[in-house]
Amino acid sequence: MSKLMVLLEGPRMVKLGERKIIEMFLEVFGKPSKNILPFGDDVSGFDLGRGRMAVLKVDMFVDKTDMPPGMNYFQAGWKAITMSVSDFAAKAVKPQTVLVGLGLPSKLGKKEIEQIALGLKKASKNYGLKILGGDTNESENLTITSVIFGLTQKKNLILRSEAKPGDLLAVSGKFGKTSAGLKILLENMDAPPNLKEKLLKPVYMPKAKLDLGLKLKKLGATSTIDSSDGLAWSLYELAKASNVGFIIEKLPIAEEAKIFSKIHELDPFNLTFYGGEEFEIVGTFNPKKFFKADKSLRKKFLIIGKVVKEKKIVYVKNGFERVVEPKGWEHFV
């Protein structure tokens, strides 16, 4: 599903990944002013004064990289909104309005365009967003760009950078179903009909955990991130921002993914850590505050490990450590 970007540098072709490209832009932009959120978190933000923050997120859905085989145009519209909302959920911010930019191939007919519009409308209504307007243009690939805006109190915004050794590491759901679903669609693997349906559902109609995200403060969240680039990447981004490490003691794999891995003799570890597109919340939590929170809310998160001072990310099982590598979903590679 990924594409390759190559830059001509003299006689050499240099391959750059998404993260390297972002680093290059950040180096050019320089450090943000004090009233702007640090670059590199899930959202962007601007201090409005009096404790208020304006929060924004821009995301691009491109059919070539984000629309797997079998996804219809309604689902494309739905996913384009969900992608951005999931970042708001991870920051405990309620999104309020959205602008939509559409790049439409000339081959699309009235029916397909109507389905995109319905998907955008349905997702926006589901997450409590108002569509204010946008822009349209012709393009080679279907491109849906969403710019979402919200307001929050600065004290309520949860960044990636405040995890502390001793904090709990927890996730809002189990992983692996989307990884397995994409293997069915892209690698011609198969599964029994009932299992196949369960694995493809989160691929075609992903859900952002917005309601849960808005309650993160009640659980004592200290740092959070959206997991759409994969669990491994998410852990590395949190570790880098907070200057910590993680020990994972429980593999958060979905039962359906576990069954799929047995059928095809796949490593459950890889399905869990190196997928993407799951749109879960990965977070660290102050243990005292977490266990004081209402039990019904705590049950929404699965504790999988802890934050440590040592700069390593490992999964420990039966006393043996297995390194979680920094890889997952990334454009251009």
message = If neighbour count is taken as other Cβ atoms inside 10 Å, put Val93, Val244 in order from fewest to most.
response = Val244, Val93
query = If amide H atoms are built 1.01 Å from N in the plane of the peptide, which residues on other chains or at least 5 residues away come under 5 Å of the amide H of Gly134?
reply = Val100
message = Using a 7 Å offset from Cα along Cα-Cβ at Leu99, what residues in the range 48-66 end up with backbone N under 15 Å from the label point?
response = 55-60
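Taking a ≥ b ≥ c as the square roots of the Cα gyration tensor eigenvalues, with a/c under 1.5 meaning rounded and otherwise prolate when a/b beats b/c, else oblate, which class fits the range 151-228? All intermediate terms of the calculation are to be shown ahead of the outcome.
Details: a/c = 3.21, a/b = 2.43, b/c = 1.32.
Prolate, since a/c reaches 1.5 and a/b exceeds b/c.
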Kirkwood Rh, angstrom, the chain [1 / mean 1/r, Cα pairs] = 20.8 Å
query = Under the Karplus relation 6.51 cos²θ - 1.76 cosθ + 1.60, θ = phi - 60°, what is the ordered set of whole-Hz ³J(HN,Hα) values for the range 72-81, x standing for Gly and Pro?
reply = 8, 6, 4, 5, 4, x, 4, 5, 4, 6
query = About its Cα centre, what dipole magnitude does the range 34-156 give when the only charges are +1 on Lys and Arg Cβ and -1 on Asp and Glu Cβ, stated in debye to the nearest 20?
reply = 640 debye
request  = Can you tell me how much longer the chain between Ile303 and Leu132 gets when fully stretched, taken as 0.36 nm per residue apart minus their C-alpha distance, in nm with one decimal?
outcome  = 57.7 nm
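Between Asp190 and Lys317, what length comes free when the chain is fully extended (0.36 nm per residue of separation minus the Cα-Cα distance, one decimal in nm)? Don't jump to the answer; show the numbers that get you there.
Working: separation 127, 0.36 × 127 = 45.72 nm, distance 2.95 nm.
Taking 0.36 nm per residue and subtracting the Cα distance, the gain is 42.8 nm.
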inquiry  = Can you give me the long-range amide H partners of Thr97? Hydrogens built in the peptide plane at 1.01 Å from N, cutoff under 5 Å, separation of 5 or more residues or another chain.
reply    = Lys130, Phe149
message = For the pair Asp294/Phe39, report the inter-label distance in nm, with labels modelled 7 Å from Cα in the Cβ direction.
response = 4.1 nm
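Phe29 to Lys110: FRET efficiency via 1/(1 + (r/R0)^6), r the Cβ-Cβ distance, R0 56 Å, to the nearest 0.05?
With a Förster radius of 56 Å, E is 0.85.
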message = Give me the dipole magnitude in Debye, nearest 20, for the chain about the Cα centre, with unit charges on the beta carbon: positive for Lys and Arg, negative for Asp and Glu.
response = 1600 debye
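So if each residue of separation counts as 0.36 nm, and I subtract the Cα-Cα distance between Leu56 and Lys217, what length gain in nm does that give? Walk me through the numbers on the way to the answer.
Working: separation 161, 0.36 × 161 = 57.96 nm, distance 1.98 nm.
That pair, Leu56 and Lys217, stretches by 56.0 nm at full extension.
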remark   = Answer in debye to the nearest 20: the dipole magnitude of the range 168-323 about its Cα centre, from +1 Lys/Arg and -1 Asp/Glu charges placed on Cβ, is 980 debye
key: Those GluC sites (Glu not before Pro) in the range 113-201 that DSSP places in a loop and that have at most 13 other beta carbons within 10 Å   = Glu140, Glu187
key: Label-to-label distance, nm, for residues given as Lys262 and Leu151 (7 Å Cα→Cβ offset)   = 5.3 nm
task = Determine by what factor the alpha-carbon radius of gyration of the range 168-323 differs from 2.2 N^0.38 Å, reporting the quotient.
result = 1.05
Global geometry of the range 204-243, whether rounded, prolate or oblate, following the gyration tensor of its Cα atoms and the 1.5 cut on a/c = oblate
query = How much net charge surrounds Val308 when only the other residues with a Cβ under 14 Å from the Cβ of Val308 are counted, with Lys and Arg +1 and Asp and Glu -1?
reply = +1
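None of the figures in this text is laboratory data; all of them are computed from the coordinates on show. Bear in mind that the values here come from a model prediction, so they are computed numbers and not experimental data. Glycine gets a Cβ as well: all are built from the backbone with ideal geometry, and neighbour counts include every protein chain shown.
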